[in-house]
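Bear in mind these aren't lab numbers, they're just calculated from the coordinates by the rules spelled out. Since this is a predicted model, take the numbers as computed values, not measurements. Virtual Cβ from ideal backbone geometry, glycine too; neighbours counted across all protein chains shown.
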């Protein structure tokens with residue numbers, strides 16, 4: 001990580017990996033990493049056939065921007081819609097949603113929470129393994145987000 005004035009340049013190896021049975025998350029900009037308090041920025045990778053189930057963020061809006069792979073996005077308990085590269089999804093605070101990888105390759109997407117905070121919930125989930133910066137998830141063939 002490099003600080004330039006009040007700005008930061010953060011690389012995948014600079015931050016921990018939140019590793020789950022369904023994939024990995026890297027958080028590049030959080031209050032703890034780059035000091036910003038108004039938003040969190042990260043990247044998630046969902047493995048084929050995996051996803052994160054129906055949930056909401058009661059105190060933050062969320063934006064998802066899909067980079068590669070194919071999936072289905074459920075929003076506000078409506079029927080899921082297809083998502084893939086170039087799709088952007090805005091989810092207002094409190095709205096239930098889920099993302100499932102329906103393809104044969106990892107589904108990669110950027111995630112933004114505003115304000116910051118939901119990333120702390122991820123760290124506290126019972127199925128998370130927190131892998132220190134610079135290390136890969138042990139015994140895993142999963143890809144890490146950006147690192």
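Assorted remarks:
- Any pair with Cβ under 9 angstrom, 6 or more apart, that starts in the range 24-37 at a residue that is free of Cβ contacts under 8 Å to residues at least 12 places away in the same chain and ends at one that is crowded, with 19+ Cβ neighbours inside 10 Å: 32/119
- Set 37, 26: member being in a loop (DSSP other than H, G, I, E, B) and under 16 Å from residue 112 (Cβ atoms): 37
- Condition met for residue 94 (on the phi > 0 side of the Ramachandran plot and surrounded by fewer than 16 Cβ atoms within 10 Å (Cβ to Cβ)): yes
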